[in-house]
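What follows is one structure encoded as structure tokens, with my remarks underneath.
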Amino acid sequence: MSLINTKILPFKAQAFHNGDFVEVTNESVLGKWSVFFFYPADFTFVCPTELEDLAEKYEEFQKQGVEIYAVSTDTHFSHKAWHDSSPAIAKVKYPMVGDPTATLARNFDVLIEEEGLAYRGTFLVDPEGTIKLCEIHDNSIGRDASELLRKVRAAQYVASHPGEVCPAKWNEGAKTLKPSIDLVGKI
């Protein structure tokens, strides 16, 4: 079953965020757009490149009213240690959520049970807590924050413009489509 258009399930987790440990819950993420960005583990190889890429685009996500939650099955203590020891991760200003019980990884269906690690899963959640985007990658394939930002903008656009859809490679300001019988076979 797809997670698209389903509500996020209840959770409570600890995160490392801007030098502090904070609690993040399904209730605390409501009211704004959220990206849940799952990755396998701290102190690894592809993961720091992805988190650094997101860190470099974080201000743009914030301008769109989006909070990013990086999530792995490590603890929030491990996230702090990684943040303190890695130049790439030191750039991270968004919450790094610890999921040692794998509750979030199971809720979002990205847990690799036999390894206790998460696949590279990316989920966009709207302000009402509904999942609007879901991508899951093999752990050997890194993601691109610029493409995620484009998709966030498209999801926000269609949410605020009912009846319109965004075609392939749509960017802010570009033409959208209004599905109708008149378009059938003409695109």
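Couple of notes before you dig in:
- Filter result (surrounded by 13 or more Cβ atoms within 10 Å (Cβ to Cβ), of a type outside the set (Val, Ile, Thr) and under 23 Å from GLU147 (Cβ atoms)) within the stretch 1-23: LEU3
- GLY116 vs. criteria within 15 Å of the chain's Cα centre (by Cα) and farther than 27 Å from ARG150 by Cβ: no
- Selection count, the stretch 24-47, where residues are farther than 23 Å from SER160 by Cβ and either within 12 Å of the chain's Cα centre (by Cα) or surrounded by 20 or more Cβ atoms within 10 Å (Cβ to Cβ) (or both): 7
- If you go through the stretch 119-136 and keep only what is assigned to a strand (DSSP E or B) and either of a type in the set (Ser, Thr, Tyr) or over 13 Å from the mean Cα position of the chain (by Cα) (or both), you end up with THR122, THR130.
- Of all the listed residues (GLU114, GLU128), the sole one being of a type outside the set (Ser, Thr, Tyr), loosely packed, with under 14 Cβ neighbours inside 10 Å and touching a residue at least 60 places away in the same chain (Cβ under 8 Å) is GLU128.
- Here is the figure for the stretch 144-166: residues that are out of contact with any helix residue (DSSP H, G or I) (no Cβ under 9 Å at 6 or more places or on another chain), touching a residue at least 12 places away in the same chain (Cβ under 8 Å) and not aliphatic (A, V, I, L, M) total 7.
- Filter result for VAL92 (farther than 14 Å from TYR39 by Cα, crowded, with 20+ Cβ neighbours inside 10 Å and touching a helix residue (DSSP H, G or I) at 6+ places or on another chain (Cβ under 9 Å)): yes
- Residues being among the hydrophobic types (A, V, I, L, M, F, W, C) and either closer than 18 Å to SER140 by Cβ or part of a strand (DSSP E or B) (or both) - total across the stretch 7-31: 6
- Test result for LEU148, on the phi < 0 side of the Ramachandran plot and assigned to a strand (DSSP E or B): no
Rule-based calculations on the coordinates, nothing more; no lab input. The structure presented is a predicted model; accordingly, all values stated were derived computationally and were not measured. Don't worry about glycine lacking a Cβ; one is built from the backbone with ideal geometry, like all the others, and counts go over all protein chains shown.
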